[in-house]
Amino acid sequence: MRDNDVVMHPSNETLSLFPDEPATEQTCEPACESTRESTCESTCESTCEPTCEPIPDPAGSVTPIYLVGMMGAGKTTIGRGLARALGREFVDIDQLIENRCGVRVPVIFELEGEAGFRQRESCIIDEYTRRPMLVLATGGGAVLSETNRRMLAERGLVIYLRARADDLYQRTKADRNRPLLQTADPLGRIRELLALREPMYESVADVVVDTGKMSIARLVQKILPMLDACGKTVPSLPSLPPRPKQDCS
């Protein structure tokens, strides 16, 4: 399969390409019109995003969209583009945790360990997968929990943003906000994590997208028709059992 292919799953940053973004996206900024895609590519390149005029939502009126994949796969940036194109709210789980804790992810890892961070992550995932019409970017390790995988698969349409280990390394090598990569061999660590997690990403994915070298605008335009082709529907969100009482702060 070519790097720029977008395929349905059978079961059911150059560095600047994927910069850090705010945890939520509630405003609509001017962007290149999709009808000028060829001109847009030559002038805006990877910074160009789809038009902010919302299009008819191919994922349905309420079905949430969840992005999974490795760190550096582009979940935040592509998620923002999808949310803007669909006129939806965008939420990034890692950045939401940072906002609530008031510190960056590495500090949470240092103070509470990975287990403490994962507990917070699961709590937030349960909270936000109960909300309709979201585009939600999960953390790279969110799929390690069977409970998280079940919530994602049952409550929304899951997109796995797939990337090669070498590309992930190039996108993340200068990022000090990745505690799992603060090792003597970060590329080796990425390969190890990818080998462990990829079967889990694939197990929950309704759509698989190879990010490759495509611009954000082109990736979003590739993904949109695949959401319609997937045709996944989920049970009414109000029918979910009540959340257990937990402190997600």
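Can you tell me how many residues in region 184-200 are among the basic types (K, R) and within 14 Å of D167 (Cα to Cα)? Break it down stepwise before answering.
Start the filter on region 184-200 by keeping residues that are among the basic types (K, R), which leaves 189, 191, 197.
Retained after the next criterion (residues that are within 14 Å of D167 (Cα to Cα)): 189, 191.
Residues that pass the stated criteria total 2.
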Inset, instruction - Of all residues in region 80-99, count the ones that are on the phi > 0 side of the Ramachandran plot and in contact with a Phe, Trp or Tyr (Cβ under 7 Å, 6 or more places away or on another chain). - result: 0
Inset, instruction - Working only within region 100-127, note down all residues that are touching a Phe, Trp or Tyr at 6+ places or on another chain (Cβ under 9 Å) and hydroxyl-bearing (S, T, Y). - result: none
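With respect to V158, is the statement that it is touching a His at 6+ places or on another chain (Cβ under 9 Å), crowded, with 20+ Cβ neighbours inside 10 Å and either under 26 Å from R130 (Cβ atoms) or basic (K, R) (or both) true?
Details: touching a His at 6+ places or on another chain (Cβ under 9 Å): yes; crowded, with 20+ Cβ neighbours inside 10 Å: yes; either under 26 Å from R130 (Cβ atoms) or basic (K, R) (or both): yes.
So V158 passes the test.
Just to be sure, is E114 out of contact with any helix residue (DSSP H, G or I) (no Cβ under 7 Å at 6 or more places or on another chain) and charged (D, E, K, R)?
Details: out of contact with any helix residue (DSSP H, G or I) (no Cβ under 7 Å at 6 or more places or on another chain): yes; charged (D, E, K, R): yes.
Yes.
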Inset, instruction - State the number of residues belonging to region 112-150 that are under 14 Å from the mean Cα position of the chain (by Cα) and part of a loop (DSSP other than H, G, I, E, B). - result: 5
Legend entry - Flag if F109 is among the aromatic types (F, W, Y) and either in a strand (DSSP E or B) or surrounded by 23 or more Cβ atoms within 10 Å (Cβ to Cβ) (or both): no
Inset, instruction - With the condition kept exactly as written, say whether any residue in region 90-99 is at pLDDT below 95, surrounded by 24 or more Cβ atoms within 10 Å (Cβ to Cβ) and in contact with a helix residue (DSSP H, G or I) (Cβ under 7 Å, 6 or more places away or on another chain). - result: yes
Legend entry - Failed item, numbered, when R176 is tested on (1) surrounded by 15 or more Cβ atoms within 10 Å (Cβ to Cβ); (2) more than 20 Å from R80 (Cβ to Cβ): (1)
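The values are calculated or read from the model by the stated rules, or taken from the named source; none is laboratory data. In this text the structure is predicted, and so the values were computed from the model without any measurement. Positions of Cβ are backbone-derived with ideal geometry, glycine not excepted, and every protein chain shown enters the neighbour counts.
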